[in-house]
Structures are given as C-alpha cells and as structure tokens.
C-alpha cells in the first residue's frame, strides 16, 4: 500500500491546482495543464519501456499520431455519400455510426467516437506487436535507429495521405462522450471537467504502471535491463517481456493521442514529428529514466512551459539543450538525490578557493 | 539413468574448433567437474548446455528429454540453473530483488496479474519474498538483503549469484568457476557450500580452475584440452592419468 501514498498526494495536488486557478481567476492555465496531462500519459508509458525495461524508443510520437489521426479521421469523414453501400449500412445498423448536422444543416454520418477510439488503439497495438517482434531484438543505438525509422514513416504517411489532411492535418474533430455527462471536448465551459478527465486518466495510468513495476514481471523487466543473458538464465522470457511492455507503452501513447485530439478538436503532422519523439525521450531522461514520478513531474512541467510559450520559437532547441546538459551533468536524472549532494560538494570548494 | 546427457556436441568459432565432439553424462545427485587449461572450451561447453550460444551440432538430453533446441529461458524453466564466470548480477537492484528474480521459474503471475494487482499475484509475491530470504539466509548473507547487489564485495556478489541460482530450485546447477577470484578461505567455504547444495538433492556440474577444490568435492571429472575430451574418470584416477598430467605440466623431456 505504501507505493500508493504518492498517488494520494498527486490527487490532492491536482485538486489544489484547480482550486487555486479558480480562486485566482487563472482558469486559462487549465487548458495547457489538460494538454500536458495527455502528453504525460504518453511519457509514463515510454518511461516504462525505456527506464525499466531499458529499451529506447524514438517512435512514440508515431504511436501517438496513430491514435490521434485514426480517431480524428474516423469521427470527421462523412460517410453519408456511402450510406447505401453494404459495409456502411451494416455499420450503421450495428449502431457503430452517429449522424449529426453540420453548419449548413446537411446530414453528417460518422463513426462513433468510442468505436473510433477502440479501432485507433487496437491499430496501434497491432502495429506495436508487428514492429516490436523483430525490432526489439536490436540493442542500444540500433533499436533507437529502427524506432526512429518507424517514426519517420508515420510522419511521412500523415503528410502525404489526403484522408489524414496532408500538411494541414484534420480539424473539426467532434467531442468524445466517455460516459453520459463526461465529455472530452475543448468547449470553454467544459474546461474544469476536462482537466479532471485528463488527470484522472493519468492517475489510473500511473496506478497500473506502479503496480506493474512492483510486480514479478516488473522485476523481470529491471532484470533484463541489467543483464539480458542472466535474466534468461533465470527463466525470464525476455523477448516476450520486452514486447508486452512495448505494446503497453504504445497503447498509452495511442490513448493519449485519441484523447488529446478530441480535446483539441484537431491534429496536425507536427504531432507525428521526430522532434516530438526526441522530446519525449529527453523528458524521460531528465526524470531519471527508471523513475515514473520523475517522468510525470518533469513531463508536466516542461510541456506546460512549452505550451505557455516560455521557450518561444526556440522550443525544440531548448529541449535539445536540456538533453545535452542532462546527459553531461545528471545522467541519472534531475530528481535523484545524489545530484544535490554533488552540488553541495562543489559549493564549499568554491568558498575555499575564493 | 543419467540426469544430463551430452552427445557429440560441436562448436566452431570461424576456424577455431572450440568444442570438438564432446560427449559425457552427469548422474543424478553427483558433483561433476569439467577441467582443462585456459582456452580448452570449458565455458563454451557450459554455454552450449545452457543454450546461451548455439551448437553447430550435437544433442543434449535433460531428464531424457532433448533440450538442445530450447531457448535459454526454457532451459531454466526445465530446472537447470547457472552462475556466470564473470558474475552477472542485475544492477540497480538489491541483493534480495536479485534473488527474487531467481524465483521466476517457480512462480506464475503474468503481466496482467501484475498490472491489476490481482490477489493471487500478491500472495505469490509474498511467497517469493520469503523464499528469497531463505536462500539469502542459507548463504549467510541475509543481512545484505537490502543493499544494492553490484555494490557488494566480490565474494558477497558471488554468494548472491549462488542464492539467485538456487532460488529457482533447480535439479541441475551449472557453476562456472565458482572459486574464481576467491582466496583460499573463501574457496574452502565454497567447497562446503557446494557439498551442502548436493545434500539438498541438487546435481552439480562445475567448471573450475582450482584443482584442490575440484579434487576434494567432485565425484567425477571430465578433462578438456583444445576442445576435445581427453579423460573422464574419478578424481583419484584423473590424478594418475598420464595425458592429463602432460597437458597440465607439459612434456617430460628426460
């Protein structure tokens, strides 16, 4: 039960921040905090495969984009012209489609967001399974290169496919009613509820991953990170453990993509870009690799700052610089205690020589 | 019936015939040692049995079932555990956690059970923890349980590796140079420990350089030289074997 204590503090903090923004009338911060939450969902998933299982992935923006683009495509493209064709009418009868009116009063027939969400996440899971099988046999730089290649492919597909809006991306993505009364949407009035939907999702995501890393399989993951040969000699099916973790993290990324796309009402190819993947990897590194809380805190802070425009147009450069500095001075991450000890060690020396 | 049987196993690294048509068997509840000069192919032979490297040809049977085409983790699940010559502990994990990983083949909780924290996985986790403590205790290092394994002294790391290998409750334990880097007292301790393990009903196959250890504890010895088996006998007979003396002490010119 002790490992759940931080979750309670986390929940309290989420509520506290919301109350503070209400009192100080700075509720506009909630928008970026909500978006940060979804990015953090991806980042904690990436932290599990990278930090705990030791497998680097430079393709997680790809999985995010698969989730976001598929659910955007399915819920925005009008199927009305095909309403009478076999498959469409079958889907309609099965209750998988919803019809609505657009601005001009024409009927729109689109896939139900829940169905779109399931299709999107399943697709990401299947792609992760197919990709992970061969790719996770690679180690270190080679694995990074292969996943980078995957990320580039997804980016180019998003840029080149008319269905996905090419360079413009997709907009007009409808809201997503999770449960009656709980709707993911960017409506001005739905800001507070969306803040809680997003952070509630992160909370559940965090809970499941904390369970995982403290379980028998979590131990097997840390073991294969330490020595794959020895882990195998202890009966750990390392290929399977790596693959399942990779798939799990891809599902987290896809879910983040789905929810953020419905929240924003749009998605563009920028979300699939390689720089996004690099950013996620950098955040996990800054958080201390095998450190879920570090990844969550750093992820939220940096994404929030980035979306508030604190880094201006040097956004990507800032993340690059941070990555270099962390690798040079704090390869164990910012939140590890011994770094502060390190700094304390340096201090008295300076006084001595001065 | 022999517990482990190796039939005509071969391994070539490019032009080097590292293990050349070696056959031998290990009877249940005995201690068998593989000795030979440096580069004789002892560790390669070990890695062929545990499937860490692929044999060119040859067969290996364990409990009368072929195991020469299994994955290393399947070998472990069948009941063969091992230690490594250059200790391979899991860094970033405590001694206890290292040994807990050793319990992997004898426990079942999967991915989903872990993520959802199912009650069955919780009771199993408790069992794993207790068992890991037992094995640390058996090796007299229970007080080191919560220290990071790779930060321990060399001899202690070796003990953790032993405990980890035993935690899988194997029928056959492969020990790759268990006394390497240990002083004379520690080696005597290892000898005692190996006999103690045998008394628990575990069969042992070991590779070792330390002759006194090998002669003291083994029931049978296989001698390798340049990848070939040149002798297989009881310790007393090996000590008298002319060919063995020759490869260890060199040609008698006189």
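FYI, it's all coordinate maths here, none of it is from the lab. Because the structure is a prediction, the values reported are computed rather than measured. Glycine gets a Cβ as well: all are built from the backbone with ideal geometry, and neighbour counts include every protein chain shown.
Side notes on the structure shown:
- Efficiency of FRET between residue B:122 and residue A:179 - r from beta-carbon atoms, R0 25 angstrom, step 0.05: 0.25
- For the residues A:36, A:277, A:306, a GNM of chain A with alpha-carbon springs under 10 Å puts the largest fluctuation on A:306.
- Equivalent ellipsoid dimensions for the range A:52-113 as semi-axes, Å, which come from the Cα gyration tensor, largest first: 33, 14, 9
- The protein assembly as shown: antiparallel DSSP beta bridges as a percent of all, rounded to 5: 65
- 222 nm mean residue ellipticity, helices alone, for chain A (DSSP H n ≥ 4; -39,500 (n - 2.57); rounded to 500): -22500 deg cm²/dmol
- Neighbouring partner chain Cβ atoms per residue of B:106-113, average, 10 Å criterion: 4
- Calculated SAXS-style log₁₀ I(q)/I(0) at q = 0.09, 0.10, 0.19 Å⁻¹ - the range B:50-206, Debye, Cα scatterers: -0.31, -0.38, -1.25
- The peptide list B:231-243, A:45-57, B:49-61, put in order of mean Cβ contacts within 10 Å with the highest first, becomes A:45-57, B:49-61, B:231-243.
- 0 to 90° range, to nearest 10: angle between helix A:337-353 axis and chain A longest Cα axis: 50
- Cα-based shape type of the range A:1-73, given that a ≥ b ≥ c are square roots of the gyration tensor eigenvalues and the cut on a/c is 1.5: oblate
- Partner chain coverage, peptide B:166-173 - average Cβ within 10 angstrom: 1
- All C-alpha to C-alpha distances of chain A, sorted into 10 Å bins beginning at zero, yield P(r) values of 5, 23, 32, 24, 12, 4, 1, 0, 0 percent in whole numbers.
- Taken over the range A:219-289, the percentage of Cα pairs per 10 Å bin, counting from 0 up to the bin with the maximum distance, is 17, 34, 31, 15, 4.
- Global geometry of the range B:81-169, whether rounded, prolate or oblate, following the gyration tensor of its Cα atoms and the 1.5 cut on a/c: prolate
- Chain B: relative contact order in percent, alpha carbon pairs under 8 Å with at least 6 residues between: 27
- Highest to lowest packing among A:126-134, A:216-224, A:83-91, scored as the average C-beta count within 10 Å: A:216-224, A:126-134, A:83-91
- Cβ crowding within 10 Å averaged over residues, with A:106-117, B:168-179 ranked highest first: B:168-179, A:106-117
- Most mobile listed residue (A:262, A:77, A:60) in chain A, GNM with C-alpha springs under 10 Å: A:77
- Per residue of peptide A:239-252, the mean number of Cβ atoms on other chains within 10 Å of the residue Cβ is 1.
- Average Cα contact separation per residue, chain A, under 8 Å, 6 or more apart, as relative contact order %: 31
- From helices alone, chain B scores -11500 deg cm²/dmol at 222 nm; the rule is -39500 (n - 2.57) for each run of n ≥ 4 DSSP H residues, then divide by the residue total.
- Take every Cα pair under 8 Å whose residues are at least 6 apart in sequence, average their separation, divide by the length of the range B:81-169, and the relative contact order is 51 percent.
- With only the Cα atoms considered, the range A:112-198 has a convex hull volume of 147 Å³ per residue.
- For the pair the range B:107-165 and the range A:247-276, the centres of their Cα atoms are 39 angstrom apart.
- Here the range A:101-172 and the range B:44-72 have alpha carbon centers that stand 43 Å from each other.
- The convex hull around the C-alpha trace of the protein assembly as shown, projected and averaged over every direction, spans 38.2 square nanometres.
- Inter-label distance, nm, simple model (7 Å from Cα along the C-beta direction), residue B:212/residue A:20: 6.8
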